[in-house]
Structure formats: C-alpha cells, structure tokens
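Where a number appears in this text, it was derived from the coordinates with a stated rule and is not lab data. Please read all numbers here as calculations on a predicted model, not as lab measurements. Note that we place each Cβ from the backbone using ideal geometry, even for glycine, and neighbour counts take in every protein chain shown.
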Amino acid sequence: MAGKFQGKSILVAGGTGALGRAVVMSFLDESAGVAVTYRRQEEFDALKQSVGSNAQLEGHQVDVTDEDAVRRMTEAIVRKTERIDALVNAVGGYAGGVTLWETESKVFAQMLALNLNSGYVLSRLIVPVMVKQGSGAIVNVAARAALDHPARAAAYAASKAGAVAMINSLAAELKGTGVRVNSVLPSIIDSDANRRAMPKADFTKWPKPDEIARVILFLCSEEAELIHGASIPVYGNN
C-alpha cells in the first residue's frame, strides 16, 4: 500500500544518529525516497542493513558545515530526483558540564558549527531549490535548551537558541513561497548514548526517537500546511 510520501524526495541531514535513523525509517515506511548525510561509513552501512535492500535510500558522506560539499550533494540529488520535497536537519552535538568561562574556544566553536552553522549551510543551498519548485518543508531540530537555558551548558544553549532565531527569520522570509519552515525542540532524547551518560536518570520521562520522528513527519506532510514558523516542544514527561 502506498504511503503518504510516495514519490517524494526527502533529505535527512545527520540520518545515522539516534534521531536521524528514526526519521529516516519513518519516511521510508511512508514510501519516500530518502537521501541521508553521514560522517562515518560504518554507521551508514548499519542503516542500510537495517532497512533492507528494497528501501529507496541513498547516502552522502558529507560535512554539512562545508558549503561546497553541500552544494555538490544538492546538485546530485536534484539531478536524480529533480526536486527536494523536505529537508530535516538532525545534525547536532552536545557539550556541557562546565561554566561558560571554563568552556574552551574550540568547544564553543564546535557547538556553533554543529547546531547553528549546519542549518545555515543547508538552508542556503536547499531553500533556492524549494522556492524554484514552489513547495517544500524544512524541519530543523533544535532543543529545549534553546528556551530553557541551563547552567553549565552555555555554548550548547546559545547555539540552539541561535538556530531557533535563524529558522524563525527564515520562515518570515519564505512567506508566500509555498515553502514551510519549522523547528522542533526535544528535551533529552532517550538514546543509548544519553542513557550511558546519565545512568541514574529516569529514562521513562525522555521522548523516544520514534516519537519525535512522528512529529517531524507530520510537520513535513500536507496535513501541516498551516504550520509555518513554529517551534514545537517535544519534552516527553519532563
């Protein structure tokens, strides 16, 4: 049976992480063709093995903060599919546990690169494609910390807050174009890495990757055609 995204071309940046994988699987389950970016070949190989050989999945080993690399990837996708119907940016990273004045410059720069610059570069190269085709949906994954700014996570909070502000401005710029842009703000995601980092936490309160993926899938669907410029909290039971 055909899914609601049959014939659609989807790009999931960071598609091999805990959340990215769940997003990829959700789109594939709805018959989409999905391209993903990844950094480690073994992670993409594992994703391919888990989805099976019949899935419409392709990978691009790309640093999404590298504008030239993202341009080449975008051109390759458009040559093959002639369009990009949705972009999900699940690229990101976390650093914390120290005060702002103890945060090393390279760590601060890394947070800005992963959590803010990635969305800028992807938008810069992919928004023109969507504007030209007159349609498209973009979902940028930010974090609860973009609004609730915790101690000992200033670089992370600043980068996520900046990402939300950037996407809100982009949404204002795209009014009337047929392209919709939104953010999702998860709290701590129930992933293996987070469980290892916080073994004494109550995992039942954390939103699971597939739960967040369902929100993202909705925002990319025609059912969400009236949602534009929103920042959707996905906090679980916290």
Shape of the stretch 1-86, Cα gyration tensor, a/c cut at 1.5: oblate
Relative contact order of the stretch 9-234, pairs being alpha-carbon contacts under 8 Å that are 6 or more residues apart, as %: 20 percent
Radius of gyration and maximum dimension Dmax of the chain, Cα, Å: 17.0, 56
Estimated vicinal HN-Hα couplings, Hz - the stretch 187-199 in sequence order (Karplus 6.51, -1.76, 1.60; Gly, Pro = x): 7, 4, 7, 6, 10, 4, 5, 5, 5, 5, 6, 10, x
Highest-MSF residue in the chain out of Leu226, Leu174, Leu19 [GNM, Cα springs under 10 Å]: Leu226
Within a Gaussian network of the chain (alpha carbon springs, distance under 10 Å), most fluctuating of Ala197, Ala86, Ala224: Ala197
Loop-located GluC sites (Glu not before Pro) in the stretch 174-238 whose Cβ has at most 12 other Cβ within 10 Å (DSSP): Glu225
Net charge, Pro150 excluded, C-beta distance under 13 Å - Lys, Arg +1, Asp, Glu -1: +2
Charge context of Asn89, other residues only, Cβ under 13 angstrom, K/R +1, D/E -1: +2
Net charge, Tyr38 excluded, C-beta distance under 15 Å - Lys, Arg +1, Asp, Glu -1: -2
Peptides ranked, highest mean first, by Cβ atoms within 10 Å: ranges 71-79, 158-166, 125-133: 158-166, 125-133, 71-79
Built amide H within the under 5 Å cut-off of Arg180, gap 5+: Gly136, Ala137, Ile138
Distant-in-sequence amide H partners of Ala55 (H built 1.01 Å from N, under 5 Å): none
Dipole axis of the chain (+1 Lys, Arg; -1 Asp, Glu on Cβ), positive-most option in His228, Leu217, Ala145: Ala145
The stretch 72-129: relative contact order in percent, alpha carbon pairs under 8 Å with at least 6 residues between: 44 percent
Selection of trypsin sites (Lys or Arg not before Pro), the stretch 164-238, meeting DSSP coil and at most 16 other Cβ within 10 Å: Lys175, Lys200
Stretch gain in nm, segment Glu211-Ala76, where the contour uses 0.36 nm per residue and the Cα spacing is subtracted: 45.5 nm
Whether the stretch 132-238 is rounded, prolate or oblate, judged on the alpha carbon gyration tensor where a/c under 1.5 counts as rounded: oblate
Alpha carbon centroid spacing (whole Å) that separates the stretch 87-156 from the stretch 1-79: 19 Å
CD proxy at 222 nm, helix term only [per DSSP H run n ≥ 4: -39500 (n - 2.57); per residue of the chain; nearest 500]: -13000 deg cm²/dmol
Dimensionless Rg/Rh of the stretch 71-128 - Kirkwood Rh, Rg from C-alpha atoms: 1.16
Residues with amide H under 5 Å from that of Val36, placed H, sequence gap 5 or more: Val12, Glu58, Gly59, His60
